[in-house]
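Shown next, in structure tokens, is the structure this report addresses.
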Amino acid sequence: MRVVSDVDVLRRYRPLRHVMTTQQAPSPNSLQTRKRRQRGNAIVEFGLVIIPLFALVFLMIDLAWMLFGLACLQEGVREGVRFGVTGNPPSYTGLDAAIVQRVKLCSFGFLSAATLNAGSPPSVKIQYFTPTNYTDVTGQAGATVGGNVLKVTASMTLKSIIPVWQKNNTVMGTFAPWTVTLTATSSDCMEGSPSSGPPSE
């Protein structure tokens, strides 16, 4: 039986002891370089995340703005039809003028008096139809009699709040608000006219 001496143990584990003693602690320069790399990676990751996040937030803001404009337009034509079917336009020259003013008043400022023209949006279109075959009798005698259908259509062009990149004739394009045309329609039957007769358009 061989007796292992202390000399043999030291000879056997000398390489391991040599490796353990020759390992050096990281230098301050290497730690600073690693920190710089980590900061650079954080900036790149932040840029990759924040751009689509901002795009999503701006898209939600613009969609909410468009839906709010459409809801106000629908409220305006609904109130205009409700006002028009009564056939009693006080202090107005005619029923159509009274309906237009009512639509403008109830649209929360989206339809102003200066932009209410019959051509391009924003505009308010008023039509009268017969209840049986839905024939357009706008402008004809007796169009506002009780039983006829009153139809009010309002449209407007709404711009987005946030500008987006749009391609044009230039190479780089341009940033400009995108536009959408909103249209709302409401209709109802005219009520019975008073003894004085139906109101004029």
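The values are calculated or read from the model by the stated rules, or taken from the named source; none is laboratory data. Model, not experiment: these values are computed from the prediction. Don't worry about glycine lacking a Cβ; one is built from the backbone with ideal geometry, like all the others, and counts go over all protein chains shown.
If you filter region 119-170 down to residues that are closer than 16 Å to Arg78 by Cα, in contact with a Pro (Cβ under 9 Å, 6 or more places away or on another chain) and not small (Gly, Ala, Ser), you find that the one that is surrounded by the most Cβ atoms within 10 Å (Cβ to Cβ) is Met156. Picking from residues in region 88-97 that are modelled with pLDDT of 80 or more and surrounded by fewer than 20 Cβ atoms within 10 Å (Cβ to Cβ), the one that is farthest from the chain's Cα centre (by Cα) is Gly94.
So for region 125-146 (the condition being within 13 Å of Ala184 (Cα to Cα) and either part of a strand (DSSP E or B) or modelled with pLDDT under 85 (or both)), does at least one residue qualify? There is at least one residue in region 125-146 that is within 13 Å of Ala184 (Cα to Cα) and either part of a strand (DSSP E or B) or modelled with pLDDT under 85 (or both). Just so you know, in region 57-87 the residues that are out of contact with any Gly (no Cβ under 8 Å at 6 or more places or on another chain) and in a loop (DSSP other than H, G, I, E, B) include one that is modelled with the lowest pLDDT, and it is Thr86.
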